[in-house]
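Written out below as structure tokens is the structure these notes cover.
Every number here is computed from the coordinates shown, using simple stated rules; none is lab data. Since this is a predicted model, take the numbers as computed values, not measurements. Because the Cβ atoms are built from the backbone with ideal geometry, glycine has one as well, and the counts that use them run over all protein chains shown.
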Amino acid sequence: MTIPILTRARAAVAAGRAAEAESLYRQALAGPEAAAACRGLADLLALQNRLEEAASLYERARAQAPLDGPGWLALSLVHVALGREAEALAAAEHAAALLPADATAWATVAERRRRAGRMAEAGAAYAHLAAVPGVPASLAADAENGLAMVARHDGRAKAAEAHWRRAITLDPTFAGAYANLGNLLLNQRNLPRALSALRRCLELDPTQGSARMDLALVLKGLGRGDEAEAALRQVLAEAGANQRLANDAGFNLARLLLLRGPGDEAWTLNESRWKASSFPSVRRSFPVPVWRGDNLLGRTLLLWGEQGLGDEIMFASQVPDLAAGLSEAVRAAGTAILLECDARLVPLFARSFAPVTVVGRPPQGPGEDQADHRTRTATAQLPTGSLARYCRPHLSSFRGARPYLTPDPDRTAFWSGRVGALGPGLKVGICWTSGLITADRAASYGGLEDWMPLAKVPGIHLINLQYNRDAVVEELSRAQSRGLALTDWHDLDLKNDLDGTAALISALDLVVTAPTSIGELAAALGVPTWRLSNPRDDWSALGTAVRPWFPAMRVIPPIGGETLAVTLRRVAGELRRLAAPVDAPVPAPTLAQALALHQNGQVAQAEAAYRRLLTDARDQTRGDTLHLLGLLLHQTGRTAEAEPLLREVLQAEPGFFEAWNSLGAVLLALGRRDEAADAWRAALRLNPGYDKAAANLGRLMSGP
């Protein structure tokens, strides 16, 4: 009895005799069972990773047997392996149409549609997969995972979370579902639950680098910086050939290190930002080398702005450091600096940074063929976000920071007249929201109605500095109907006429703002600026309670987890004190009364009382009052304001050892560890038994 050739070929495959099986299949290609032989040989070649040959044979088998559903599915999987997404999807959809109850076919269709961005169709396929009778638990879990990803894409976070939790119920070992759930919870700032999900993911699969990265961000958000750093360094060490993961880890580690204060490693790692998946800018490709901080004599350096408008303004604070070296003799030797920036900033920057040449960035993006022709004279180039590596490498480099933008004098005079016409009282500009609110920044923003307490402060005029008027028109109308008095000059385009906006801001007494470019602009002009944000979450605070780039900026953080609305009520209290008429009949407090207010947590009233005491020339407690006011400012996040008060105390009373101890705490918060140690040593020289100073110095010496 003759054994059929296909039977012999299949037996050879089963016995592991691949060469014999291939030979038999090829013989059968010319016989009556050519279609089956073609499928069999394609399956064999696919197992051997001979994918191109396998794909060709599957296509041939498809022509011979167009209703062979498994053949279509096998063809799809080969196309997937070859990276041919469109062909893989088309073949999978043929397979699913022929095999409506085949879970693998529908899983393939769903995944290929999702990867193609056809989210609604992917959702339908995942739903079909979930409803297939007898679907294996692992594929049912895949279906829930897919439905979760579609729901998240559509902005349905609650539905996404529910699907991921069902996926985990179906397959408790599904590490990817835990990772996806953890990422969702991280973006919702639900950090404790995110921590639990991500840790479970890594218990199941320690190789999930993206999950470990998210875990680091969760730990960072929870204030567990050392653990976050260890996790990021582990990601870097284990990233291997995954450059995207390595770049993301390097960028996140840079930001974490900068939160503790600038240093060489932090600025070096910050260069990985250009390849980080979440970074908003594209690196320009000028045909000249990157400047490495070396001598510029006889060279032309092109500096170019990056990231958002506020970032451009902040990084430009270092341009005067370079411009100061452009003496006539240096320029005569052929040295020049060009600064390319957002076109809206050109007039303001050009006026402020002479003799630097300022040019506008091309409006159509990073195409160098559209760049200003003067950029072609450059012999070196650097993005402004990298300047700090050379100009401000350490916190001590920021001590000479000062206001650096100069408004147009004629336009400032014009706006001073309009602002003055509002009548007596403080002129306060406000900006309450941003055009870019990410999950980790959302807590710093609220609605305009949260700002209503400021409108109730007598003796002030609120001026609108919110630049995206179209987006807030309804919100503004609602607040005005509730009694918000907000002067809004519609003849000034706050978004595009930045030179005019700078002139208006320069005519104000104060700017109060959420984290927006208006705050950077105001502080760079030297206008007192109160920024509502938490410096512990802001890398640009560089480990301090302020933002060292801007001496005119005060950072007002939330206290004890308070909401933005509560913070704004505190701000209103401070404005009320500032706006109070000088001759207001306020009873003179005693130091004991002021201290009682301070100890009871009534900080605005305590500050007002301390300051009132300081205006009384007859008061004999000036040193104690200055000391306590300095402590209050430090405790409420105004550490930079506390230092000069404490130094005034110590200049008058150098033996005031408690004030030396307080100065040490202030200097440490400002990142000046050596000076803090000296202050505590001074306190101990005056009072060797002063245990507070000894404990502070001991912690400093034993710490990192």
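For R50, R115, the sequence from fewest to most other C-beta atoms within 10 Å is R115, R50.
Rounded to the nearest 20, the Cβ-based charge dipole of region 9-49 about its Cα centre (Lys and Arg +1, Asp and Glu -1) stands at 20 debye. Gain on full extension, evaluated as 0.36 nm per residue between E475 and D678 minus their Cα-Cα distance, stands at 67.9 nm. Based on Cα contacts under 8 Å between residues 6+ apart, the chain shows a relative contact order of 7 percent. Computed from the C-beta positions of A343 and V290 and an R0 of 22 Å, the FRET efficiency is 0.35 to the nearest 0.05. From Cα pairs below 8 angstrom and at least 6 apart in sequence, can you work out the relative contact order of region 244-364, rounded to a whole percent? Relative CO of region 244-364 lands at 20 percent. FRET efficiency for the A120 to K495 pair, using the beta carbon distance and R₀ = 45 Å, is estimated at 0.80.
Excluding V13 itself, calculate the net charge of residues whose Cβ lies under 15 Å from the Cβ of V13, where each Lys or Arg counts +1 and each Asp or Glu counts -1. Once all neighbours under 15 Å are counted, the net charge is +3.
Loop-located trypsin sites (Lys or Arg not before Pro) across region 448-491 with a Cβ neighbour count of 14 or fewer within 10 Å are K456, R482, with loop assigned by DSSP. Note on the chain: helix-only mean residue ellipticity at 222 nm, from DSSP H runs of 4+ residues weighted -39500 (n - 2.57) and normalised by residue number, equals -17000 deg cm²/dmol. Taking R0 as 60 Å, what FRET efficiency do you get between L297 and T621 from their Cβ-Cβ distance, rounded to the nearest 0.05? The value I calculate is 0.55.
The magnitude of the dipole of the chain, with charges of +1 and -1 set on the Cβ of Lys/Arg and Asp/Glu and taken from the Cα centre, is near 540 debye. Take every Cα pair under 8 Å whose residues are at least 6 apart in sequence, average their separation, divide by the length of region 586-702, and the relative contact order is 15 percent. One chain, two ends: D410 and A333. Fully extended at 0.36 nm per residue, the span grows by 24.2 nm beyond their Cα-Cα distance.
Placing unit charges on each Cβ (+1 for Lys and Arg, -1 for Asp and Glu) gives the chain a dipole about its Cα centre, and among H163, F286, L628 the Cα reaching farthest toward its positive end belongs to L628.
Using a cut-off of 29 Å between Cα atoms, the listed pairs K220/K456; K158/K275; K220/K275; K158/K495 include K220/K456; K158/K275; K158/K495 as exceeding that distance.
In this simple spin-label model, placing a label point 7 Å from the Cα along the Cα-to-Cβ direction at both R283 and E227 gives a separation of 3.4 nm. For region 166-240, trypsin sites (Lys or Arg not before Pro) meeting the loop criterion (DSSP other than H, G, I, E, B) and having at most 13 other Cβ atoms within 10 Å: R189.
Taking trypsin sites (Lys or Arg not before Pro) across region 329-409, the ones in a DSSP loop with at most 16 further Cβ atoms lying within 10 angstrom of their Cβ are R399. Here the extension length gained between R536 and A596 equals 18.7 nm, from 0.36 nm per residue of separation less the Cα-Cα distance.
Selection among A246, G261, N187 by position relative to the dipole of region 173-279 gives N187 as farthest towards the positive end (Cβ unit charges, Cα centre).
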